[in-house]
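Written out below as structure tokens is the structure these notes cover.
The values are calculated or read from the model by the stated rules, or taken from the named source; none is laboratory data. Treat the numbers as computed from the prediction; the structure is a model and nothing was measured. No Cβ is skipped: glycine too gets one built from the backbone with ideal geometry, and neighbour counts run over all protein chains shown. Ligands, DNA and RNA are excluded from the accessible area calculation, which covers all protein heavy atoms including side chains. Shrake-Rupley method; radii C 1.70, N 1.55, O 1.52, S 1.80 Å.
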Amino acid sequence: MMAFRRRSHARSGAWLLPLLFAVFLATVMVNCVTTFLVPSQGIFAQQRHLHSSTKQLAPQHVFAGSAPKLISSTLHDESSWETSLPVLVAATALAAAAGSIDSTSGEEKSADAAKEDKPESGSTAIFNKLKLPIFAGLWYFFNIQYNIQNKSLLKVFSATWAVSWIQLAAGIPIALLMWATGLVKPPKVTSSDLAKLAPVGFFHALGQVATVASLGAVAVSFTHVVKALEPAVNAIASALVLGQVFHPLVYASLAPVFLGVALASSAELSFTMFGFLTAMLSNFAFVARNVLSTKLGGVGDMGEDQTERKTNQLAILTIVATAVLFPIAMALPGGLRSIPSAWNAAIASGVPANKLVYMIAASGFHFFMYQLSSFWVLSLVQPITHSVLNTLKRVVVIVASVFVFRNPVTAQSAAGTCIAVGGILLYSFTKGYFSKKK
């Protein structure tokens, strides 16, 4: 019965995914043509008026949640780069279709094929080849949109703890909807399982808060350059906590990463110590989350196939992290109790209420969807491949953020960024090479 369900899902996905992928690409192309070739004068006039009254928050107010001290605004409107509703709907439909179809591991596929004594059909083979690029494309798409939405929101809305909590909480209704509609089978977890996940959820929430704080304080590109140090922190923590010691050349390959980040930091025009330290704090928090998850192992029954398991793992982690962060977000300045003052300040600066609601909701939606797509990619590839794709994603985000927000970049900062990214790729390949030799 399970084998039959997998084959039926695969057959339907073989034509559904390519169709939705084509629709998604078509809507993206139409959106680009509309943006560049036939701009609406009324819309652009409204955007210019909105942006002329939109100011950027000073870094020292990123946790305060009080009426922000305003600094000079930029000269363009990055909101024109936000995805249109048809593109967003197409991407979401594509994600829903792709995530609802079983992702069976190679061993399970071999076992099923042996039982049925049938070769894999041509449509199923096409589906299996399309799934990874679709997942990776959704990952990149939602991540770029998240960074645009998040930075635009933080420029006008000063309650950082509240933004972080809302973005975490946004994943809960999405997860409940997936379970209620049958797109994903609900996991089986006990209260004891949830209690074990509390420390993991805490560090997941801490990493999210620190990332949002850094993105609000410095340029998006610089935050991602500093976050390129996460694999280095992970390598050190794995050796100290898990006893996983790699070949000396693996650690030596991290030298360009440290050098690149140092060069980029020293020449970064938007540099603040607060932005740098919070980006580093997010690295340590996410590494602690990963180490604790490794030590904890599997918790509960998360599902039958890889995609379903990864989806449920993220959903449960999101619920736990949201619950853990809630009392902190309620107690601290810049948290949930600061929403009224931050809202009034944003409205007073000229941001329409409906625009502000959309920015908050969209940032949370894109946050969960990019994480979900990342987990789906991890369900299909080895960690080394995921690490390489994650590094390339940072390159895309850095380039996109510089292009959208028009952040000035010095030659030294650009060189440091390239060296750091190249170092991460070198580390990933070196680690993968010596892991195979064991």
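Values for this structure:
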item	result
Accessible surface of region 352-438 [probe 1.4 Å, protein heavy atoms]: carbon and sulfur percent	71
Inter-label distance, nm, simple model (7 Å from Cα along the C-beta direction), residue 385/residue 259	3.1
Net length gained if the chain between residue 410 and residue 266 were fully extended (0.36 nm per residue, minus Cα distance)	50.8 nm
Surface accessible to a 1.4 Å probe, per residue, for the residues of region 246-405, Å²	41
Pair residue 399, residue 433: separation of 7 Å Cα→Cβ label points (nm)	2.5
Potential extension, residue 244-residue 129 segment - 0.36 nm per residue separation minus Cα distance	38.1 nm
In region 376-433, the trypsin sites (Lys or Arg not before Pro) that fall in loop regions by DSSP, at most 14 other Cβ within 10 Å	406
Length added when fully stretched, residue 177-residue 195, from 0.36 nm per residue minus Cα-Cα	4.1 nm
Region 366-438 shape via C-alpha gyration tensor axes, a/c threshold 1.5	oblate
Space enclosed by the convex hull of the alpha-carbon atoms of region 188-255, per residue, Å³	135
Net charge of Cβ neighbours under 13 Å - reference residue 370; Lys, Arg +1; Asp, Glu -1	+2
Residue-count net charge about residue 254 - beta-carbon cut-off 15 Å; Lys, Arg +1, Asp, Glu -1	+1
Region 246-300: equivalent-ellipsoid semi-axes (sqrt of 5 x gyration tensor eigenvalues, Cα, Å)	28, 19, 6
